[in-house]
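As structure tokens, the structure follows; a few thoughts come after it.
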Amino acid sequence: MSDWPLLSLITFLPLLGAAFIFFIRSEPEVVARNARAVALWFSLGTFVLSLWLWFSFERGTAEFQWAEEVLWIPGFNISYRMGVDGISMPFVLLSTLLTPLCILASWEAIKVRVKEYMIAFLVLETMMVGMFCALDFVVFYIFFEGVLIPMFLIIGVWGGARRVYSAFKFFLFTLAGSVLMLLAILAIYFETGITDIPTLLDTRLPPEMQTWLWLAFFASFAVKVPMWPVHTWLPDAHVEAPTAGSVILAGVLLKMGGYGFLRFSLPMLPEASALFTPLLIYPLSIIAVIYTSLVALAQEDMKKLIAYSSVAHMGFVTVGIFTVTQQGIEGAMIQMLSHGVVSAALFLIVGVIYDRMHSRLIERYDGLVERMPAYALMFMVFMLASVGLPGTSGFVGEFLVLVGAFQVNTAVAVLCASGMVLGAAYMLYLYRRVIFGKMTKEDLRTILDISWREKAIFAPLIAVVLWMGIYPMSFIDVMAASVANVIDNYEAALAAAEGPSLAALLPVE
């Protein structure tokens, strides 16, 4: 590994781009054009640097790599510490991939306050990457909360008619849970005197303390996932957010909850995790998979349908994580990465026709294959990936989660499989109504197929979906050692505490 601070470069390069845009002064049209160009080039540069992480990452080890540490607040033993392992590194790459695509997607759609919009997106990228790289609780919390501010502005300023209501609902829901997480971090600091995450992962906290800490972390992570019943902010936020805002919201921000469960809840609070596993899997995750799939079937707004499908897919993630099996957690990781790409692509798909017709209602469209064959093809790829067609990324994640679920409880696996059937129902229903049939709306006969800019946006997403589906081991090899380490530490902690096993909590049926 090189001694130069790669992670800090990846984290703060977008912030440098935001500062550059801030000082642009000229005519409004020139400022908008230059702001778009600067944001695109800085985000592309960040993505190229993150590719270095992928290709230089050492497989087969659970150690944190590209580590950086600088003492920040000596009086409180707080350091600026960064590092990535097999759990965090793929999310860094996902964040840096989606950001330039969002900027391209906003190229023509955003026409007012373009300068401020591009600044918000670059600041958002810094916060997302920093959160996945942070190895100190204080640094992590700053980035974790910092994500809220630019996303609040993106929804509240550039969103739809009810943007202010949706932005405040998003902010208040997520902030309420995060305040409890801050109290948990303070409690851990007063108990141990440190905020260093790698050290705390090897520190056994008192069992009675673990319960309260777990609930505090859960309050924050459950809202971020989002889990049923604290998911109600998500459809409103998606419907009112601009297309690129929905892409980042579904593609990256929803993964913050799953990442938190994997990084903190399981390894740091194993006894409490074992205690609450039945609650997480049976009523919460299973209801999320089945109930929100049924709700998605009833939607007439395409964005709302995809938003509810996100809650269902993230229900698979929480099932996989709390099976605490190698296949289950790897499946949850793959599912998060797949959902990050596929849901982002589906929101972009909706954005394409919204930019042309200014409507997201399903009944507003029919027979688009006549005028938009390239659009229909790309829509089909992402729709099939969403329903888990073999050969796509969605199949790998869901299959591994089901394998993990079968190892601990047959009923859970069967119920999750029923969610896959419902997922196929609502996605095929959406595709048939929008793409096939006879074109009956006269104004649709002049609609234009996707442009070269839009094809450039979808091409890398299709490549990732097929790459993950055909060669999943390239991703599993990255995360396998880190996942195995989480499971080993979890089982060792339970064995030392002589606590109940997962098999006892979830008896195989």
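Points to keep in mind about this one:
- Looking only at region 434-459, and only at residues there that are surrounded by 16 or more Cβ atoms within 10 Å (Cβ to Cβ) and part of a helix (DSSP H, G or I), the one that is farthest from the chain's Cα centre (by Cα): Leu444
- Test: Phe55 is at pLDDT 95 or above and either part of a helix (DSSP H, G or I) or aliphatic (A, V, I, L, M) (or both): no
- A residue that is modelled with pLDDT of 90 or more, under 30 Å from Ser56 (Cβ atoms) and not in a helix (DSSP H, G or I) can be found somewhere in region 137-149.
- In region 210-221, residue farthest from Ala67 (Cα to Cα) [restricted to those that are modelled with pLDDT of 90 or more and among the aliphatic types (A, V, I, L, M)]: Leu215
- Condition check for Val30: surrounded by 13 or more Cβ atoms within 10 Å (Cβ to Cβ) and of a type in the set (A, V, I, L, M): no
- Options Ala120, Ala67, Ala109: the member that is surrounded by fewer than 24 Cβ atoms within 10 Å (Cβ to Cβ), in contact (Cβ under 8 Å) with a residue 24 or more places away in the chain, small (Gly, Ala, Ser) and assigned to a loop (DSSP other than H, G, I, E, B): Ala109
Every residue, every condition in (1) touching a Lys or Arg at 6+ places or on another chain (Cβ under 8 Å); (2) under 24 Å from Thr46 (Cα atoms); (3) of a type in the set (Val, Ile, Thr), yes or no:
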| residue | (1), (2), (3) |
| --- | --- |
| Cys133 | no, yes, no |
| Asp136 | yes, yes, no |
| Phe140 | no, yes, no |
| Phe144 | no, yes, no |
| Pro150 | no, yes, no |
| Ile154 | no, yes, yes |
| Trp158 | yes, no, no |
| Ala161 | no, no, no |
| Ala167 | no, no, no |
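- Qualifying residue in region 227-235 (condition: within 19 Å of Ile185 (Cβ to Cβ), at pLDDT below 90, in contact with a helix residue (DSSP H, G or I) (Cβ under 9 Å, 6 or more places away or on another chain) and in a helix (DSSP H, G or I)): no
- Of the residues making up region 41-64, those that are more than 12 Å from Pro100 (Cβ to Cβ) and either in contact with a helix residue (DSSP H, G or I) (Cβ under 8 Å, 6 or more places away or on another chain) or among the small types (Gly, Ala, Ser) (or both) number 12.
- Selection over region 315-342 of residues that are among the polar types (S, T, N, Q), touching a Ser or Thr at 6+ places or on another chain (Cβ under 7 Å) and closer than 19 Å to Ser95 by Cα gives a count of 1.
- Taking the listed residues Phe168, Phe221, Phe152, Phe217, the one that is touching a Ser or Thr at 6+ places or on another chain (Cβ under 6 Å) and assigned to a helix (DSSP H, G or I) is Phe217, with no other qualifying.
- Test: Ala176 is out of contact with any strand residue (DSSP E or B) (no Cβ under 8 Å at 6 or more places or on another chain), more than 26 Å from Val350 (Cα to Cα), among the aliphatic types (A, V, I, L, M) and surrounded by fewer than 18 Cβ atoms within 10 Å (Cβ to Cβ): yes
The values are calculated or read from the model by the stated rules, or taken from the named source; none is laboratory data. Quick caveat: nothing in here was measured; it's all calculated off a predicted structure. Positions of Cβ are generated from backbone atoms using ideal geometry, with glycine treated the same way; all protein chains shown enter the neighbour counts.
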